[in-house]
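The next block holds one structure in the form of structure tokens; read it before the comments.
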Amino acid sequence: MQDHPSTDTARRWLGREGAALAATERTVLDHLTRRRTISRDPQAELAEGMDLGARMADRVAAFGGSWAFIGIFVAVLVVWCGLNLVLGRDGFDPYPFIFLNLVLSMLAAVQAPIIMMSQNRQAEKDRLAAAHDYEVNLKAELEIMALHEKLDRLRAEGIERLLAQQQAQLALIEAALARISPPDEAGFSRGGP
């Protein structure tokens with residue numbers, strides 16, 4: 001097997017010299033020439049590199065965007081407002097619920113960056129998945145091109161064998177005809193027995 005993808009392979013399949021290839025294309029050609037798989041799980045690779053803060057941010061963002069959060073949030077708001085309306089001026093946050101506005105503002109101020117961190121990580125996951133899909137698709141395309149070359153070569157060899165057999169059969173037929181009726185002075189056989 002080759003140590004590096006050959007320039008001939010790169011030129012034939014990708015239309016460029018080996019030095020002009022992107023790192024991804026060189027990796028794919030290397031895997032192809034070494035007959036190795038290129039499939040891997042990019043999500044697992046990202047999960048290995050996540051620290052505690054990243055995992056917590058993902059969980060908070062997942063919970064913050066769920067129906068369970070909305071249900072709990074609505075229930076807390078209804079209880080908060082209902083309790084303060086019933087208690088009136090003696091409530092811990094009487095109407096117009098200024099303390100509730102402060103709590104909601106703080107919740108939004110904390111939740112927004114956490115959700116943005118999670119979205120940035122999701123975008124990175126999507127970029128890695130797209131890059132991996134490109135590698136797999138490129139390798140599959142190159143494998144198909146290699147199979148087409150092999151099939152074309154086999155077809156050409158088969159046609160050459162058939163032509164050689166046909167020439168041999170024609171020679172046998174001519175020899176048999178020559179034995180049956182010898183040719184005249186002009187080189188033509190006289191038909192008939």
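The values are calculated or read from the model by the stated rules, or taken from the named source; none is laboratory data. Worth saying up front: this structure is predicted, and the values here are computed from it rather than measured. Using ideal geometry, Cβ is built from the backbone for each residue, glycine included, and neighbour counts are taken over all protein chains shown.
Collect the residues in the range 34-45 that are part of a helix (DSSP H, G or I) and exposed (fewer than 10 other Cβ atoms within 10 Å of the Cβ), keeping them in residue-number order.
Residue satisfying the conditions is 44 alone.
Please find, among 108, 123, 175, the residue that is out of contact with any strand residue (DSSP E or B) (no Cβ under 8 Å at 6 or more places or on another chain) and under 30 Å from residue 24 (Cα atoms).
Working: 108 fails: under 30 Å from residue 24 (Cα atoms); 175 fails: under 30 Å from residue 24 (Cα atoms).
Every option except 123 fails the conditions.
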Options 128, 163, 142: the member that is out of contact with any strand residue (DSSP E or B) (no Cβ under 8 Å at 6 or more places or on another chain), in contact (Cβ under 8 Å) with a residue 40 or more places away in the chain and over 30 Å from residue 55 (Cα atoms): 142
Test: residue in the range 100-120 that is modelled with pLDDT of 90 or more, touching a Phe, Trp or Tyr at 6+ places or on another chain (Cβ under 7 Å) and in a helix (DSSP H, G or I): yes
Within the range 68-124, tally of residues that are surrounded by 11 or more Cβ atoms within 10 Å (Cβ to Cβ) and among the acidic types (Asp, Glu): 2
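Conditions (1) within 29 Å of the chain's Cα centre (by Cα); (2) closer than 30 Å to residue 135 by Cα; (3) in contact (Cβ under 8 Å) with a residue 24 or more places away in the chain; (4) part of a helix (DSSP H, G or I), marked per residue:
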residue: 13; (1), (2), (3), (4): yes, yes, yes, yes
residue: 25; (1), (2), (3), (4): yes, yes, yes, yes
residue: 29; (1), (2), (3), (4): yes, yes, yes, yes
residue: 47; (1), (2), (3), (4): yes, yes, no, yes
residue: 79; (1), (2), (3), (4): no, no, no, yes
Test for residue 68: is it modelled with pLDDT of 80 or more and either over 21 Å from the mean Cα position of the chain (by Cα) or of a type in the set (Asp, Glu) (or both): yes
